[in-house]
Structures are given as C-alpha cells and as structure tokens.
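Just below is one structure, and these are the notes that go with it.
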Amino acid sequence: MDVKKLGRIPDGGGHKTNGRQAGRPIRGMGFDYVHSAVDNHSRLAYSEIHPDEKVATCAAFLSRAAAFFHSHGITRIERVLTDDAWAYRKGLAWKTVLADFGATGKLTRPYRP
C-alpha cells in the first residue's frame, strides 16, 4: 500500500495555460491523495482518491481494498507492506483493521524505493 500526493489543477488549466497572474498562487487548491493497494501475487491493483492521508482514511481504504480483493477471489491477507508513514506506524484504527483481517503490518526499510 502507498499514498501518492498530487497537486490539484484548477478548472481551465494551471499556470502553464493561464499564466501565473503576476505570481499570485491560487488559494485553496491543495492536494489530492491517491491511495493504492496491489496484491503481490496476482498484481491486481485497487486505488481511490481522498482529500487526506489520515489514519481513519487509510484504515477505511484498507477495508474497502480487502473487500475488492475478496470479490476477485483473493480471500486471505497475510501481510500489508507499507512505507513508514505515521498512519501506518502509530495509527490505532490502522492496527485494528489489520487485526480484524488477521494480517500483520510490515514496513519498508528507510531510504529504499
């Protein structure tokens, strides 16, 4: 599992199309977060776009991803490999969802792709 942070582009295009308007940033655009999960064996992927990457959002995403994988015949989750983001290391909701599936969380080593 991973989360990718992407900047929002305003309707009508960004500064490449409309110019920077004398260097003033567009307020309130913010970011979208693409949450993705990939099954290691089949390489089946599931993604959703959310407005944040908080613990509750990540835990709810894991539940929906597991339901998606289950509907495609992947019935057992043993381990969930993630980076070392705070939501995966310290989040109680995240740990609760993992325990409900009987899975363990595994973190990647620091400074590794």
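Electrostatic bookkeeping for R76 treats Lys and Arg as +1 and Asp and Glu as -1; over the other residues with beta carbon under 15 Å from its beta carbon, the sum is -2. Applying a DSSP loop filter and a limit of 14 other Cβ atoms within 10 Å to the trypsin sites (Lys or Arg not before Pro) in the stretch 57-99 leaves R76, K90.
Return I49, I9, I77 ranked ascending by Cβ neighbour count within 10 Å, so the fewest neighbours appear first. Intermediate values should be presented prior to the final figure.
Numbers: I49 10, I9 14, I77 18.
Lowest count first: I49, I9, I77.
Here, each number is a calculation from the coordinates, and none is a lab measurement. Quick caveat: nothing in here was measured; it's all calculated off a predicted structure. Ideal geometry is used to build each Cβ from the backbone, glycine not excepted, and the neighbour counts take in all protein chains shown.
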